[in-house]
Structures are given as C-alpha cells and as structure tokens.
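The values are calculated or read from the model by the stated rules, or taken from the named source; none is laboratory data. All values derive from a computational prediction rather than experimental measurement. Here the Cβ positions follow ideal geometry from the backbone for every residue, glycine too, while neighbour counts run over all protein chains shown.
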Amino acid sequence: MGFRELHRNIKIRIITSFLTRIVGTMIFPFMAIYFSMKVGQVMAGFLLIINVLVSLFVSFYGGYIADRVGRKKVMVTAQGIQVASFAVMALANSPFLDSVWLTFSMMLVSSVSSGLMNPAAEAMLIDVSTPENRKFMYSLNYWSINLSIALGAIVGGLLFKSHRFELFLVLTFVSIFTWILVTYWMTESFESKSAVVSSEKRNVLCDVIENYRSVMHDKTFMLYVAGSICIMSLEFQMHNYIGVRLDQEFEVRTLTFWNGFSFEMTGIRMLSWLSTENTVLVVLLTIWLTKQMKRFNDMKVFFIGLSLYTFGYSVVGASNSMSILMSAVLLYTIGELLYVPIRQAFLADLADETKRSSYMAMNGLVFQAAKIAGSLGLTIGAFLPSWTMGTLYLLLGMMGMFLFQMAFNRFYTSKTAVKATA
C-alpha cells in the first residue's frame, strides 16, 4: 500500500491539510502573543477561550448536518467561509489597516469554518478508506501533520511579528487552492439514507440534541472517548505542568561541544529540546515503524504502545536528568507511533456509518477535555511533589488502558454475536 493507491479524496485531504497547517502554524500559535500586545493578557485569554468554545459548539452542528446533506457540500461551504475570513484577516493586518477587533471577528468566523469542516472531513476519510488501508492512511496523515507543524513553527517564529500581513496573504491563497480542489476534484462520499426532517415536523435544535443523545448511548464509543481523554491528557501536560516543573527544578548546566561552542541548558531550553526530539522522531520513524508493525497483532501493538507512552510521560513528569528525560521521550514517542494509527482505525470501526460525522464531532471533545486536564495538572502540581505527579501520570495512563480494554471487549463481543446470528 502506497500514497498513489489511496482514494483521491484522501490524497487531496492530506495534501491540502499539510499546506494549510504549515502556513496556519506560522500564524495561529502566535495569536495569543498578538492579542496580549493589543488588548492585554487577561482579555486575550477570554478571547481565545471564546474562540475555542465557538469552534466546539459549531462542530456539533457540523457533524449533524454532514450526516444529512453529505460531506462535500459542508466542506465546500466551510472552505468558502474560511477563504473569506483569511482574506479579511489579511486586510486587518495590512499596511492600510491595523484592527485587532476585525482580526478577532474573522478568527471567530474561521473557527465556525473549522467547526463545520472537521467532522465532515474526518467522516469522509472513513467513508473512502478500507479496513486494510486505514492504518497506513492515519499514519501518513499523522506524519504530515507533525512535519507541517514543525516547519510552520520555525518559520512563524521568524516572520510572525515582522511579516504578519504576508503570512495571512499566503494563507488566503492556500485556502483558495484548497477550495478549488475540494470543489472540483473531490467526490461526494456519503448519501444520507434518511430523509431530512422538515422544520414543520421537528425543531432542528431538538433533532440535533436527539442525534447526539443516541451517539452518547453508544457505551462502547463512550468508553473509547473516556480512554482517549485519559491518554491524551498526558500529552497536554508537556507544556503545562512539565514545562513549569523543568523551569523551576531543572538544574542549569553548561553543554560544551567538540568545536568549543558551549551554552547553558536551562529548564525552558530542555523543554524545547524534548519537543524537538519528539517531532523529529515522529517525522523520521512514522512510515517505517508502521510498515514493521504490520506483521504483529494490532491489540498487542496497541497496548505495548500505550504502556511505553504512559511510562515515558510518567518519567518526564518526575526526572531532572537530561539523559533520562531524552530516553523517556524516545520511549513515549515510539509508544505514540504504535498506538495512534490503531486508535484512529478503531474509531472508524466504531462509528455508525449513518452518523459518522456526528461521531467525529463528539470525538472532538477528547481534544478539549484533554486541554482542560492539562491546565488542571498545572494547578494540582503546585501542591504535589514531582514524583507524585509522575505516579499520577502512570495511574492515568493505566486507567486509559483499562477503558480501552473494556471498549475493545464490548466491540469484539458484539461483533462475534452478530456473526453468530447471521
């Protein structure tokens, strides 16, 4: 299985997502700094929270509507909205105009676009993939996301303050290119088998609520969501508690290289090194490791990966040794590469094909809940020693593995029962 053998929709999505993320990462991670400079740190925090909430709530409607009118219609509309929002954001940061509130307004519009786009796009990937190629597809997509973020962050750090207008212009052109590909080359992957309920017969809001109530009644899926929150919460500790801990506890040391160059390794620099190590390893190892794991049982690979991931984060949460920290990052990165494609492929198997976009929207809660857990870790860590936090990370990872095991058992038991009665 190679990139060329994938469905055209998958190839378009991976390419356009890669391009959009490269340029987007040059801009959006630095918007907190931009808003802090313009309106103050407290107000900036509120604005960013509003932005996240808007995207979250719109995603529920986006998932609902994509299961009724099709993926492509929603994606074309969402991408058109995104083009307009990026174009106006470029204008609001141009030599002719400097408006923080117009920028924020268009950032909200962009969040509406993302909320509509993401559930439809994720469901479309499942629609046009097969159980045989999903792990490869998700591994390739994961690799491209990490590479684009790494490249974008480097360029953004250099250009955001001095060339913000030009970056928004490039983002606008990339968005136009994406809209053209989605509109004229992407095919519709889903046709709803259920008629859309008219507004006279049923209130749309009630229909949305009923739709997600049925998703939440899927106990296997909700076990999967709970397990995913536990595991992903560990990742969000890195730039919350772990970052603060390294800044406060890591003993500054001088590193000297063979050519005589030396510099001080502070806690913040150590955090940067660990993040860079993780990204480089993901970019270098993803495709190779995915191919090597094909000969092994998925469930064994999955739980070995989760074990390495959990143990690695628990060590990073407690250690101040440079060599141990870097070894732990190697462990949790390998674990991450082992479990992520299988977790995503399992989600594709779990989702009811008539409500895939709704399932994807509900799965979006995992990311937001994990972000909140990351913030809570920072607060809890203020009262506990680092070895206790490392132990809590270990327990959290074990809880995630237990929940995943329950989800797998329920899924395969019901699957066996269906085959037996067929």
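Worth pointing out:
- Members of region 315-362 found to be more than 21 Å from the chain's Cα centre (by Cα) and of a type in the set (S, T, N, Q), listed by number: 319, 320, 321, 323, 327, 354
- Taken together, 137, 124 contain a single residue that is touching a residue at least 60 places away in the same chain (Cβ under 8 Å), crowded, with 21+ Cβ neighbours inside 10 Å and touching a Leu at 6+ places or on another chain (Cβ under 8 Å), which is 137.
- Within region 372-393, the set of residues being of a type in the set (S, T, N, Q) and crowded, with 18+ Cβ neighbours inside 10 Å comprises just one member, 386.
- Residue check, residue 172 in a helix (DSSP H, G or I), over 24 Å from the mean Cα position of the chain (by Cα), closer than 14 Å to residue 82 by Cβ and not assigned by TED's automatic domain parsing to the domain that holds residue 287: no
- In this structure, residue 22 does not satisfy being surrounded by fewer than 18 Cβ atoms within 10 Å (Cβ to Cβ) and in contact with a helix residue (DSSP H, G or I) (Cβ under 9 Å, 6 or more places away or on another chain).
- Test for residue 183: is it at pLDDT 90 or above, outside the structural domain of residue 399 (by TED's automatic domain parsing), within 29 Å of residue 72 (Cα to Cα) and surrounded by fewer than 14 Cβ atoms within 10 Å (Cβ to Cβ): yes
- Test: residue 102 is surrounded by fewer than 21 Cβ atoms within 10 Å (Cβ to Cβ) and touching a Leu at 6+ places or on another chain (Cβ under 9 Å): yes
- Residue match in region 316-339 (condition: in contact (Cβ under 8 Å) with a residue 60 or more places away in the chain, in a helix (DSSP H, G or I), farther than 20 Å from residue 147 by Cα and out of contact with any strand residue (DSSP E or B) (no Cβ under 8 Å at 6 or more places or on another chain)): yes
- Residues within region 270-318 that are crowded, with 20+ Cβ neighbours inside 10 Å and small (Gly, Ala, Ser), tallied: 5
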